[in-house]
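Q: Below you'll find the structure I mean.
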Amino acid sequence: GEHHILNGAVDGRFPAHHPDPSKPENLSELAATVLAKRLDLGVAFDGDGDRLGVVDGAGQVVSPDHLLCVFAADVLTDSPGAAVLADVKTSETVFRHISKLGGRPRLGPTGHAHMRARVQSGEALFAGELSGHIFFADEHPGYDDALYAAVRLLRALSHGPTLAQRCAELPRTFSTPEIRIPCPDTRKFEVVRSVCDAVTRRGISPNTLDGVRVCTEQGWWLLRASNTEAAVVTRCETYREADLPELCAMVQGLLTDEGISAAGALNV
């Protein structure tokens, strides 16, 4: 089929943009090319080829949550009832979609090394995380190979609805991106523990697999210590747009109680 390569010359200075496909701004050139040339989709890889970003035929960046749903549907078609693993930053709609398709959703800690180990040990046939790491263990050894994932996506889309149509069929939610809030390395784990204690005192039973994940009638939120920098990481998602500010305000208030300023990062 017709294909076009962008930024094909290896250049460690990254003159076009940083090769991080999880940042929508890094996919703007790809999106413009998809629209200008009327292509079906575009794919982007990070510097070492283990993370995938995707743009649909309308030039829209496909959220990692939606991409996981598309991949899970394809895997579960050939392997009914399989376990599917996603990290704690993943949308609740992904886990619900997996269940709806007859799969067994599994929640895992953030970190591609954790995900890879669990997939390769046989705990799940497919896994993915918000950062763009994708793992197949049905027809693949189970490591995060973005080029292979791109080929699997093309195969999944070779029949039936387009990528944009498949994403449009998924439930609509309203969420923040992954937000990193500065917090000293010496305090970040303590802050997460204190927030966990605070919500527990309110009668809430959080999931503490990796940080604090709280589900409410409105949606869910997560707070965890970053693995790589002096920061805590949060994400909030609601089923109604009007509820998102309230959920974000809850997280912001809990952080303020711990002396951590979100500095407007959670204002939506």
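Any read-out appearing in this document is the output of simple, stated calculations on the displayed coordinates, not a laboratory observation. Since the model is a prediction, treat every value here as computed from it, not as a measurement. Here Cβ is always computed from backbone atoms with ideal geometry, including for glycine, and neighbour counts include all displayed protein chains.
Q: Given R₀ = 35 Å, what would the calculated FRET efficiency be for Glu2 paired with Arg201, taking r from the Cβ atoms and rounding to 0.05?
A: Calculated transfer efficiency: 0.05.
Q: Working out 0.36 nm times the residue gap between Ala263 and Lys100, then minus their Cα-Cα distance, what length gain in nm do you get to one decimal?
A: Taking Ala263 through Lys100 to full extension adds about 54.8 nm, to one decimal.
Q: With charges only on Cβ, +1 for K and R and -1 for D and E, what is the dipole size of the stretch 64-157 about its Cα centre, in debye, rounded to 20?
A: Roughly 200 debye for the stretch 64-157.
Q: Can you give me the Cα centroid spacing of the stretch 1-69 and the stretch 72-130 in angstrom?
A: 24
Q: Sticking with this structure for a sec: In the Gaussian network model of the chain, springs joining C-alpha atoms below 10 Å, which of Arg235, Arg202, Arg106 carries the largest mean-square fluctuation?
A: Arg202
Q: Sticking with this structure for a sec: Putting +1 on Lys and Arg Cβ atoms and -1 on Asp and Glu Cβ atoms, find which of Leu39, Leu27, Val62 reaches farthest to the positive end of the dipole of the stretch 25-87.
A: Leu39
Q: Follow-up. Treat the count of other C-beta atoms within 10 Å as a stand-in for reagent exposure and order Phe45, Phe126, Phe14 from fewest to most.
A: By the 10 Å Cβ count, ascending: Phe14, Phe45, Phe126.
Q: Could you give the nm distance between label points at Arg240 and Asp78, where each point is 7 Å from its Cα heading toward the beta carbon?
A: 4.2
Q: In addition: Dividing the alpha-carbon Rg of the chain by 2.2 N^0.38 Å yields what?
A: Expressed relative to 2.2 N^0.38 Å, the Cα Rg reads 1.02.
Q: Still on this structure, please answer the following. May I ask you to derive the FRET efficiency for Leu154 and Ala36 from their Cβ-Cβ distance with R0 = 22 Å, giving the value to the nearest 0.05?
A: My answer for the efficiency is 0.60.
Q: Just name one of Ser99, Tyr143, Ser175: the one whose Cα is farthest towards the positive end of the charge dipole of the chain (beta-carbon charges, Lys/Arg +1, Asp/Glu -1).
A: Sorting the options by dipole projection puts first Ser99.
Q: Just add up the charged neighbours of Gly49: K/R +1, D/E -1, any other residue whose Cβ is under 11 Å from the Cβ of Gly49.
A: -4
Q: I want the local charge near Cys196. Using Cβ-Cβ distances under 15 Å, sum +1 for each Lys or Arg and -1 for each Asp or Glu among the other residues.
A: +2
Q: Here's something else I'd like to know. Where the convex hull is taken over the Cα atoms of the stretch 7-89, what is its projected area averaged over directions, in nm²?
A: For the Cα atoms of the stretch 7-89, the hull's average projected area reads 6.8 nm².
Q: With the Cα gyration tensor of the stretch 64-157 in hand, convert its eigenvalues to equivalent ellipsoid semi-axes via √(5λ) and list them largest first in whole Å.
A: Output for the stretch 64-157: semi-axes of 16, 15, 13 Å.
Q: Report the gain in length on full extension from Val10 to Leu107: 0.36 nm times residue separation, minus Cα-Cα distance, nm rounded to one decimal.
A: So the extension gain works out to 31.3 nm.
Q: For Gln165 and Ala117 in one chain, what is 0.36 nm times their gap in residues minus the Cα-Cα distance, to one decimal in nm?
A: So the chain would gain 14.0 nm between Gln165 and Ala117.
Q: Compute, for the chain, the length of the dipole vector about the Cα centre, with Cβ point charges of +1 (Lys, Arg) and -1 (Asp, Glu) only. Units Debye, rounded to 20.
A: The calculated dipole for the chain is roughly 420 debye.
Q: Shifting gears a bit: For labels at Arg187 and Glu139 in the simple 7 Å Cα→Cβ model, what's the distance in nm?
A: Once both label points are built, they end up 5.1 nm from each other.
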